[in-house]
1. Mind putting a number on the dipole of the chain about its Cα centre? Charges go on the C-beta only, +1 for Lys and Arg and -1 for Asp and Glu, and I need it in Debye to the nearest 20.
2. Leaving out ligands and nucleic acids, note down the accessible area per residue over the chain with a 1.4 angstrom probe, in whole Å².
3. Looking only at Thr182, Thr134, Thr72, which one moves most when the chain is put into a Gaussian network model with springs between Cα atoms under 10 Å?
4. Given H placed on each backbone N at 1.01 Å, which residues far from Leu190 in sequence or on other chains put an amide H within less than 5 Å of it?
5. Report, in deg cm²/dmol and to the nearest 500, the calculated mean residue ellipticity at 222 nm for the chain, where each DSSP H run with n ≥ 4 adds -39500 (n - 2.57) and the sum is divided by the residue count.
6. For segment 121-194, what does the relative contact order come out to in percent, with C-alpha contacts under 8 Å and a separation of six or more?
7. In percent, how large is the relative contact order of segment 67-119, given Cα pairs closer than 8 Å and 6 or more residues apart?
8. Accessible area, 1.4 Å probe, largest first: how do Glu74, Glu38 sort?
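The values are calculated or read from the model by the stated rules, or taken from the named source; none is laboratory data. Just so it is clear, the model here is predicted, and its values are computed rather than measured. Neighbour counts run over all protein chains shown; Cβ positions are idealised from the backbone, glycine included. What goes into the accessible areas is simple: the full protein's heavy atoms, side chains included, and nothing from ligands, DNA or RNA. Shrake-Rupley method; radii C 1.70, N 1.55, O 1.52, S 1.80 Å.
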Amino acid sequence: PTEAIAVVTGQPEVDAGVLSVQNPVGEIPLGTENIEVEIINYGIDTLTATDIAWTVNGVAQTPFAWTGSLLTGEKDTVVIGSYAFGYTPYPGLNNLVVWTENPNAVADTFNANDTVAVVIDAHEPYNGTYYIQTATPDFDSFSTAAQALNDWGIDGPVTILAANGTYAESFVLMPVPGASATNTIKFSSLSGVN
């Protein structure tokens, strides 16, 4: 006689995933933020451990080794580390990518539900001197500088110095939040020569 063996396909026995990023989200001020994520057990077996890996702007951060006990479909919210969001060339957009690896210390065979990626906009009002197209620029053009001022405003006098060159562009500077007779905005060439 032959014996029939039923093979059920679909839900893996062991499968962890990141369901969402809880913090930070959207627009945030500059500074250090805890990275908080919600993980979920997508597998049939109880999830007792998983590594949570993450990157900011493509740079790997220290993975977090989670342990606990989650039944199928159960979730846990975890602070996996922190990151100091600083000025980046405008726009101050930071790509945060978080994913699970090695659920219950075995290879993850189903990766489609492991990863969540979000964009974090980290900035605060401008104050001081900034640069366009220099060796370490804050902006790549007058247009992006104007957009940054329009978006984030100022809380002190602002000077924007452009590297010498020809700029074939136009931009619109709206009423900048925070601008006043004291909190002025000045565009000039880096050399001081028009």
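1. Result for the chain is approximately 840 debye, rounded to the nearest 20.
2. Value for the chain: 55 Å² per residue.
3. Result: Thr182 has the largest fluctuation of those listed.
4. Ala162, Ala163, Asn164
5. -1500 deg cm²/dmol
6. RCO, segment 121-194: 33 percent.
7. Working: 25 pairs, mean separation 17.3, N = 53.
Normalised by residue count, the contact order of segment 67-119 is 33 percent.
8. Listed by decreasing accessible area, they come as Glu74, Glu38.
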